[in-house]
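Enquirer: What follows is a single structure, and I will ask about it in a moment.
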Amino acid sequence: MLSEKILQSFEALRRYCEAEGFKGWDPYDGLNSRIFRAIPLAKRSALCRLAVIQGFKRFPFNLRRLALVPKQYNAKGIGLFLQGYCNMYRLVGKRPELASRLGGSESIAARVTELADLLLALRCDGYSGACWGYNFDWQARRLFLFPKNTPTVVATTFCATALIEAYGVTRRREYLDAALSSAEFVMHDLHRSPSGRGFLFSYSPLPGNDTVFNASLLGSKLLALCYKHTGRSEYLDAARKSVEACCDAQRSDGSWPYGMLPVQSWIDSFHTGYNLEALACYRDNTGDESFDGELERGLTFYLGHFFEQDGTPKYYHDKTYPIDIHCPGQLPVTLARIGRLGEHADLAERVLCWAIDNMQSRKGYFYYQLKPGISSRISYMRWSNAFMFNALSCYMLDVG
């Protein structure tokens, strides 16, 4: 049965995000500072760029107004909102009595069209298929720069998946065509690194970012979705090779490190959830059940190591802090995609209610992270609000 507390939380979050026009700040948008961009020497220094990004991200108080960082659209955030409104559309169809609180089917469908059109406008140009990146320059710790609007497999998968859902609501063919073309971005613009029985897709078309398991599995997820709609065997073959490589890297206890490099050896909650969701999506859209054992072991590890009995979500498998809003937000999405949310509905509700009690502002938005000392209670549109918007709508749809 749908929790009134969760429904009220979602209503407050929706009012906030709509009032903001779905624009906002991001943990990693420090280089969008108009002050920083006016200092040529600082812009040319990788260490300076890294210091600015990490400073804005780690400082618990928001410096963005003082530093003239504008609120902007983020493509992945818009994709998450779009997915959330598609969930709302299906929920109102399932529970018409909620229309008075969430809006009728026509008004929700109009919002779906608005966000899907915006997502099409935010596409990156010059690649083999539709793809999306972020609205800021990002300096990686390994000292290479991702320029603004560099497409990534993560952002592209979230956006293309949402457009497929939008097609289901609106039947507008341009949404499906754009989503399906994104498979060509994965196939031709990402490079492949041999690993195990297969290979890993790179995070972006840039060199030096090809060791991350969740990024490669998201590429497999997208190819599997596109294979279901097109029947193109090359999508299936490439998706399976990536899944094989990532499953070969799974540890005997069911866990995955973040990536292949020694500095990527941590095990965290929401990236584990991404991996499980991607494996389930691959299976459900291709009919290939070869990796169900890895999926079950991973799910057992995920549920057994990242959530306390009282609903506290942990970031790492062996320590709690920082508690990132992605940790509670990914749980209902992962369980729903695997088809196990009903079985674990009590856990999902405890975790979401913990997040509402501890990480939601009275204004409706969600906080970024909690730490033992001073926590960051900044409202980030993509990282916190869009993520929880999708999570809460997914939960309500599945249990409602």
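Enquirer: Considering all alpha-carbon pairs of segment 253-294, what whole percent are spaced by more than 14 angstrom? List each step's numbers first, then the result.
Expert: On the way: 466 of 861 pairs.
In whole percent, the long-distance tail amounts to 54.
Enquirer: Going by how many other beta carbons lie within 10 Å of each one, how would you line up K241, K76, fewest first? Walk me through the numbers before you get to the answer.
Expert: Values: K241 21, K76 26.
Going from sparsest to densest Cβ surroundings: K241, K76.
Enquirer: Something else about it: Sorted by average packing, counted as other Cβ atoms within 10 angstrom per residue and highest first, what order do 271-282, 365-376 take?
Expert: Details: 271-282: 24.9, 365-376: 17.8.
Per-residue Cβ counts within 10 Å, averaged per peptide and sorted highest first, yield 271-282, 365-376.
Enquirer: Please report, to one decimal in angstroms, the Kirkwood hydrodynamic radius of the chain built from all distinct Cα-Cα pairs.
Expert: Working: mean 1/r = 0.0471 Å⁻¹.
Result for the chain stands at 21.2 Å.
Enquirer: Can you pull out the trypsin sites (Lys or Arg not before Pro) in segment 284-375 whose DSSP state is coil and whose Cβ has at most 10 other Cβ atoms within 10 Å?
Expert: Numbers: sites: R297, K314, K319, R337, R340, R350, R362, K363; in loops: K314, K319, R340, R362, K363.
Sites meeting the loop and neighbour criteria: K319, R362.
Enquirer: Determine which aspartates and glutamates satisfy two conditions relative to K371: a Cα distance under 18 Å, and not lying fewer than 8 residues away in the same chain.
Expert: D268, E308, D310, D318, D324, D357
Enquirer: Give the separation of the Cα centroids, segment 321-363 to segment 202-256, in Å.
Expert: Value for the Cα centre distance between the two parts: 25 Å.
Enquirer: Using alpha carbon centroids, what distance separates segment 280-309 and segment 1-44, in Å?
Expert: Between the Cα centres of segment 280-309 and segment 1-44 lies a distance of 31 Å.
Enquirer: Straight-line reach from K43: which lysines have Cα under 19 Å away, leaving out those fewer than 8 places along the same chain?
Expert: Of all the lysines, those that pass the test against K43 - Cα under 19 Å, at least 8 places apart if same chain - are K57, K148.
Enquirer: Now, a different point. List, in order, the whole-Hz ³J(HN,Hα) value for each residue of segment 46-62 obtained from phi through the Karplus relation with A = 6.51, B = -1.76, C = 1.60 and θ = phi - 60°; use x for Gly and Pro.
Expert: Karplus values, whole Hz, x for Gly and Pro: 4, 5, 5, 4, 4, 4, 5, 4, 5, x, 5, 5, 8, 5, x, 10, 7.
Enquirer: Another question, then. Can you sort C131, C124 by how many other beta carbons sit within 10 Å, fewest first?
Expert: On the way: C131 31, C124 20.
Ranking C131, C124 by Cβ neighbours within 10 Å, fewest first, gives C124, C131.
Enquirer: Using a simple spin-label model with points 7 Å from Cα along the Cα→Cβ vector, what separation in nm is obtained for L2 and R101?
Expert: Simple spin-label model gives 0.6 nm for this pair.
Enquirer: Now for a separate question. So for segment 1-52, taking the charge dipole from beta-carbon charges (+1 Lys/Arg, -1 Asp/Glu), which of F22, A38, L2 sits furthest toward the positive end?
Expert: A38
Enquirer: Further question on the same structure: Calculate log10 I(q)/I(0) of segment 160-243 for q = 0.12, 0.19, 0.23, 0.27 Å⁻¹, where I(q) comes from the Debye formula with a single equal point scatterer on each Cα and nothing for solvent.
Expert: Here log10 of I(q) over I(0) equals -0.34, -0.78, -1.03, -1.27.
Enquirer: Also, quick follow-up: Let me spell out the model: positive unit charges on the Cβ of Lys and Arg, negative unit charges on the Cβ of Asp and Glu, origin at the Cα centre of the chain. What dipole size does that give, in debye rounded to 20?
Expert: Details: 47 positive and 40 negative charges, 329 e Å.
Magnitude of the dipole: close to 1580 debye.
Enquirer: In addition: Taking θ = phi - 60°, what integer Hz values does the Karplus form 6.51 cos²θ - 1.76 cosθ + 1.60 yield along segment 357-365, in sequence order, with x for Gly and Pro?
Expert: Couplings: 5, 10, 9, 10, 6, 5, 7, x, 7 Hz.
Enquirer: Modelled label-to-label distance, T230 and E11, 7 Å Cα→beta-carbon offset: nm?
Expert: 4.4
Enquirer: Once you sort the root eigenvalues of the Cα gyration tensor of segment 1-110 as a ≥ b ≥ c, which label holds: rounded (a/c under 1.5), prolate (a/b larger than b/c) or oblate (the other case)?
Expert: On the way: a/c = 3.48, a/b = 2.86, b/c = 1.22.
It is prolate, given that a/c is not under 1.5 and a/b is the larger ratio.
Enquirer: Students often forget the sequence filter, so: which lysines lie under 21 Å Cα-Cα from K221 once same-chain residues fewer than 8 apart are removed?
Expert: Straight-distance partners of K221: K76, K241.
Rule-based calculations on the coordinates, nothing more; no lab input. Note that this is a predicted model, so its numbers are computed, not measured. Cβ atoms come from the backbone with ideal geometry, glycine included; neighbour counts cover every protein chain shown.
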